[in-house]
Amino acid sequence: MNRIPAFSLILVLILLVSACTAAAPPPTPTTSGPLTLTFMAGYKPQANLPFVGAYVAKEKGFFEREGLDVTIEHSAGQGEHLQLLTAGKVQVTTQDAAVLLQRRADPGLPLVSIALIGQRGQQAYAALASSGLQTPRDWEGRTVGYKGTPPPDLFALLKAAGADAEKISLVNVGFDPRILTEGKVDVYPVFKSNEPYLIRSWGYELTLWDAADYGVPTLGLTYVTTESILQEQPEALRRFLKAALEGIRYAEQNPDEAVEIVLKYTGPQADPQHMRYMLESELRDAKSATTEQYGYGWQTLEQWSALAEMLVQAGIIPSIDVEKAFGNRILEEIIVIP
Amino acid sequence: MRRWRLTGGQIALLIVLSFLLLWEATVRLLGVPVYLLPAPSRILRTLFEHPALYAQASLLTLGEAFAGLLIGLLAGVMIAALLTLLPGLEEGVMTLAILLKSTPLVAIAPLLTIWLGFGVLPKILITALLTFFPVLVNVLSGLQKAERHHLELFHSWHASRGEVFRHLRAPNALPYLFAALKISAPLALIGAVVAEWTGASGGLGRVMWLAYTNLNLPFLFAAIFILAAAGMLLYRLTVWLERRVIFWQSHPEA
């Protein structure tokens with residue numbers, strides 16, 4: 001066998017493959033002219049409202065109009081978006097408010113919410129309507145699933161509803177609503193805007209309980225950055241947030257077009273009606289008395305303190321300085337009162 | 001009188017087809033919902049409805065798998081050769097290799113993204129890390145297992161260490177290399193897919209992850225079908241290559 005051509009073929013192949021990856025220079029922040037920024041959606045492409053804001057802003061040219069070149073990446077949802085954010089590879093990502101507070105407390109990530117898009121929590125608890133369960137008190141003696149760790153609002157919800165947590169068996173089930181429909185658990189935590197659509201599309205009726213309805217303070221997704229990015233690149237963040245919020249308002253006015261834009265990112269694996277359901281559900285939860293006054297994303301110390309207090313009482317975090325976890329500084333510069 | 005004689009390939013095809021038929025019949029007769037297990041006909045329809053999407057994804061994943069396999073192969077062979085020529089290093093290097101091999105790659109995948117960016121490089125590296133160990137272990141045993149009387153013969157000819165390596169140890173290790181390839185080639189596909197599963201902007205792993213998180217099972221299984229077919233092709237390619245390269249060994253099944 002002639003060795004030289006085989007070896008050079010291998011070399012050429014390796015070079016070719018590595019050449020494909022050599023591009024993508026890191027974003028270099030400057031203070032004038034066009035800026036670059038990497039936004040990482042905290043999960044797979046879907047119609048979560050903060051994702052939609054970025055997709056629409058990108059596709060409708062809102063970022064471009066602001067003089068901002070945005071690269072959109074997606075996290076696999078294992079927390080790597082926070083890792084990449086704190087490593088400076090990403091400038092803005094999305095994170096659930098409760099998890100943001102937990103990661104600030106431990107391991108002490110310097111996360112700052114620059115806009116609170118979800119004014120109510122994303123999660124609810126679901127049971128098949130055929131189970132006959134009416135209130136969380138009926139969960140006693142039943143099996144309740146959770147994903148990874150029991151959600152902090154679970155115990156607050158049980159307490160508020162007067163149910164005895166000791167009489168409920170909790171099992172870790174991971175992400176898979178089929179666990180509920182196959183009868184492996186009686187109650188399953190769902191993202192309100194997501195699994196209920198899927199499960200109903202399979203022909204099951206659902207009963208849903210939202211902790212917020214029982215007076216438990218819950219908050220949803222935020223646009224999050226870090227203390228140092230906020231210090232060093234406020235202009236890029238301002239341009240990003242302005243265009244992304246415009247994207248959210250555009251999606252509210254033009255939901256059909258917004259879903260079409262979302263589908264460009266999800267690929268054909270996603271169901272358009274499912275994405276529409278998610279968008280509408282999250283638009284509802286993005287509105288509150290606060291946003292009526294100040295527009296999408298506005299956040300108050302009362303909201304964050306109430307959430308932190310609930311997490312402290314559940315023994316999930318020690319008491320922390322909530323004021324550092326969020327800031328309206330960027331929002332104040334671009335405020336659009338509806 | 002002529003007898004029906006089936007070749008090995010035809011028998012294999014028959015077995016696969018009967019398996020698919022049984023699957024199809026089970027799903028239809030029991031009315032298994034599509035979100036639990038889709039029928040093969042539904043999976044193939046999905047596959048043929050999105051040829052461009054699957055072709056693009058497959059090309060990327062196969063490219064990553066192939067590049068990773070080549071790097072893993074070269075690294076494994078080179079380290080094995082080094083350890084044979086400098087036996088003093090063996091224990092230290094093998095300890096390191098086993099430590100590397102025992103690292104759950106899924107856990108360090110985000111770190112590789114931090115260091116190497118969002119492109120294909122981290123995926124190739126994960127594939128290379130996954131495939132190099134079987135090559136190293138197999139080729140090392142092949143190189144070391146030269147028969148004593150052959151070695152004595154070479155010594156009687158005053159062959160240098162390099163000559164012994166080139167004319168005795170290296171040819172002796174070739175069958176071991178191919179045994180390793182038969183393990184590493186399908187592993188390379190898994191490596192590329194797992195790497196993409198933990199965050200990528202393209203490839204079969206991403207298609208599968210998106211399909212799974214949307215519980216779109218026909219989409220998920222279509223990708224599995226492609227991977228299975230690719231794994232089988234790679235295996236056959238390895239066997240074919242083995243026969244061409246190690247022509248002096250007998251091949252009873254040929």
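Each value in this text was obtained by applying a stated rule to the coordinates, not by laboratory testing. Note that the structure is predicted; figures quoted are calculated from it, not measured. Positions of Cβ are backbone-derived with ideal geometry, glycine not excepted, and every protein chain shown enters the neighbour counts.
Kindly give Rg over Rh for the range B:182-254, based on alpha-carbon atoms, with the Kirkwood expression for the hydrodynamic radius. Mind showing how you got there, number by number?
Details: Rg = 16.1 Å, Rh = 13.9 Å.
Looking at the range B:182-254, the ratio lands at 1.16.
Across the residues of B:207-219, average count of Cβ atoms on other protein chains within 10 Å?
Details: counts 3, 1, 5, 9, 4, 4, 11, 12, 12, 7, 1, 1, 4.
The shielding value for this peptide is 6.
Kindly put B:Val164, B:Val16, A:Val187 in sequence by how many other C-beta atoms sit within 10 Å of each C-beta, fewest to most.
So the residues, fewest neighbours to most, are B:Val16, B:Val164, A:Val187.
Given A:Lys264/B:Lys123; A:Lys58/A:Lys242; A:Lys89/B:Lys101; A:Lys44/A:Lys192; A:Lys159/A:Lys324; A:Lys44/A:Lys264, which pairs have Cα atoms separated by over 19 Å? If you can, show how the numbers build up before the last one.
Working: A:Lys264/B:Lys123 24 Å; A:Lys58/A:Lys242 12 Å; A:Lys89/B:Lys101 28 Å; A:Lys44/A:Lys192 17 Å; A:Lys159/A:Lys324 29 Å; A:Lys44/A:Lys264 13 Å.
Cα-Cα > 19 Å for A:Lys264/B:Lys123; A:Lys89/B:Lys101; A:Lys159/A:Lys324; rest within.
Any idea how far the Cα center of the range A:284-338 sits from the one of the range A:94-131, in Å?
12 Å
Starting from the Cα of A:Asn254, step 7 Å toward the Cβ, then list every residue of the range A:62-93 with an amide N under 17 Å from that point.
A:62-66
May I have the pair-distance distribution P(r) for the range A:193-338, computed from all Cα-Cα distances with 5 Å bins from 0 and rounded to whole percent?
2, 7, 14, 17, 17, 17, 14, 9, 3, 1, 0
Can you pull out the trypsin sites (Lys or Arg not before Pro) in the range B:126-169 that DSSP calls coil and that have at most 12 other Cβ atoms within 10 Å? Provide the component values of the computation, followed by the final result.
Values: sites: B:Lys145, B:Arg148, B:Arg161, B:Arg166, B:Arg169; in loops: B:Lys145.
Taking the range B:126-169 and a limit of 12 other Cβ atoms within 10 Å, the loop trypsin sites (Lys or Arg not before Pro) found are B:Lys145.
What full-extension length gain, to one decimal in nm, is calculated for B:Ala229 and B:His167 as 0.36 nm per residue of separation minus the Cα-Cα distance? Before the final figure, lay out each step's value.
Working: separation 62, 0.36 × 62 = 22.32 nm, distance 3.73 nm.
Working it through step by step, the gained length comes to 18.6 nm.
For a footprinting-style exposure proxy, rank A:Trp139, A:Trp209, B:Trp157, B:Trp23 by other Cβ within 10 Å, fewest first. Numbers along the way, then the final one.
Details: A:Trp139 26, A:Trp209 20, B:Trp157 10, B:Trp23 17.
Going from sparsest to densest Cβ surroundings: B:Trp157, B:Trp23, A:Trp209, A:Trp139.
Report, please, the projected area of the range A:159-206 averaged over directions, based on the convex hull of its C-alpha atoms, in nm². Please report the intermediate quantities before stating the final value.
Numbers: hull surface 16.6 nm².
Convex hull of Cα atoms, orientation-averaged projection: 4.1 nm².
Just want to confirm a number: the relative contact order over chain A, from Cα pairs under 8 angstrom separated by 6+ residues, in percent.
Working: 586 pairs, mean separation 89.6, N = 338.
Over chain A, the number comes to 27 percent.
Which lysines, if any, have their Cα less than 16 Å from the Cα of A:Lys184, not counting same-chain residues under 8 positions apart?
Output for A:Lys184: A:Lys147.
Quick one: putting +1 on the C-beta of Lys and Arg, -1 on the C-beta of Asp and Glu, what dipole do you get for the protein assembly as shown around its Cα centre, in Debye to the nearest 20? Each step should come with its number before you reach the end.
Values: 46 positive and 50 negative charges, 532 e Å.
Once rounded to the nearest 20, the dipole reads 2560 debye.
Could you please state, rounded to a whole Å, how far the C-alpha centre of the range B:34-52 is from the C-alpha centre of the range A:225-262?
The distance from the Cα centre of the range B:34-52 to that of the range A:225-262 comes to 36 Å.
Grab the eigenvalues of the alpha-carbon gyration tensor for the range A:165-240, scale each by 5, take roots, and send me the semi-axes largest first in whole angstrom. Provide the component values of the computation, followed by the final result.
Numbers: eigenvalues 261, 55, 35 Å².
That gives 36, 17, 13 Å for the three semi-axes.
Rg(Cα) of the range A:123-214 divided by 2.2 N^0.38 Å?
Values: Rg = 11.9 Å, N = 92, 2.2 N^0.38 = 12.3 Å.
Compared with the compact-globule rule of thumb, the range A:123-214 sits at 0.97.
Report, largest value first, the span of the C-alpha coordinates of the protein assembly as shown along each principal axis, in whole Å.
93, 68, 47
Rg (Å, one decimal) plus Dmax (Å, integer) for the alpha carbons of chain A?
For chain A, the Cα-based Rg and Dmax read 22.0, 80 Å.
Whole-Hz ³J(HN,Hα) for each residue in the range B:108-114, computed from phi via Karplus 6.51 cos²θ - 1.76 cosθ + 1.60 with θ = phi - 60°, x for glycine and proline: what do you get?
Once rounded to whole Hz, the list reads 9, 4, x, 5, 4, 5, 4.
Please compute, for the alpha-carbon atoms of chain B, the extent along each of the three principal axes and give them in descending order in Å.
Taking the Cα atoms of chain B, the three principal extents are 73, 69, 29 Å.
Ranked from highest to lowest mean number of other Cβ atoms within 10 Å per residue, what is the order of the peptides B:213-221, B:92-100?
Numbers: B:213-221: 22.3, B:92-100: 12.8.
Put in order of decreasing packing, that is B:213-221, B:92-100.
Efficiency by 1/(1 + (r/R0)^6): what FRET value for A:Glu182 and B:Leu153, r their Cβ-Cβ distance, R0 = 56 Å, to the nearest 0.05?
Working: r = 67 Å, r/R0 = 1.20.
Efficiency at R0 = 56 Å is approximately 0.25.
Please compute, for the alpha-carbon atoms of the range A:276-324, the extent along each of the three principal axes and give them in descending order in Å.
38, 24, 16
Can you give the helix-only mean residue ellipticity at 222 nm for chain A, where every DSSP H stretch with n ≥ 4 adds -39500 (n - 2.57) and the sum goes over all residues, rounded to the nearest 500 deg cm²/dmol?
Working: 15 runs with 148 residues, N = 338.
The per-residue figure over chain A is -13000 deg cm²/dmol.
So, in Å, what gap is there between the alpha-carbon centers of the range A:29-78 and the range B:143-193?
Value for the Cα centre distance between the two parts: 52 Å.
What translational diffusion coefficient, to the nearest whole µm²/s, does the range B:17-149 have by Stokes-Einstein, given a Kirkwood radius computed over alpha-carbon pairs, a temperature of 4 °C and 1.567 mPa s viscosity? Mind showing how you got there, number by number?
On the way: Rh = 18.5 Å.
Stokes-Einstein gives a translational diffusion coefficient of 70 µm²/s.
Is it possible to state the helix-based mean residue ellipticity at 222 nm for chain B, with each DSSP H run of 4+ residues giving -39500 (n - 2.57), the sum divided by total residues, to the nearest 500 deg cm²/dmol? What is it? Can you show the working numbers first?
Values: 11 runs with 197 residues, N = 254.
So the helix-based figure for chain B works out to -26000 deg cm²/dmol.
Starting from the Cα of B:Phe247, step 7 Å along the direction of its Cβ; do the same at B:Leu100; then give the gap between the two resulting points in nm.
Modelled inter-label distance: 3.5 nm.
Please compute the average number of Cβ atoms from other chains found within 10 Å of each residue's Cβ in peptide A:73-82.
Values: counts 5, 7, 4, 13, 4, 6, 1, 7, 2, 1.
Taking all residues of A:73-82 together, the mean is 5.
Say each of A:Ala129 and A:Glu227 gets a label point 7 Å from the Cα, pointing the same way as Cα to Cβ; how far apart are those two points in nm?
Those two pseudo-labels are separated by 5.1 nm.
According to the Cα gyration tensor, what semi-axes, each the square root of 5 times an eigenvalue, does the equivalent ellipsoid of the range A:84-149 have, listed from largest to smallest in whole Å? Spell out each step's value before the answer.
Details: eigenvalues 241, 37, 21 Å².
Taking √(5λ) for each eigenvalue gives 35, 14, 10 Å, largest first.
Arrange the following residues from fewest to most other Cβ atoms within 10 Å of their Cβ: A:Asp321, A:Asp285, A:Asp138.
Values: A:Asp321 8, A:Asp285 22, A:Asp138 17.
Ascending number of Cβ neighbours within 10 Å: A:Asp321, A:Asp138, A:Asp285.
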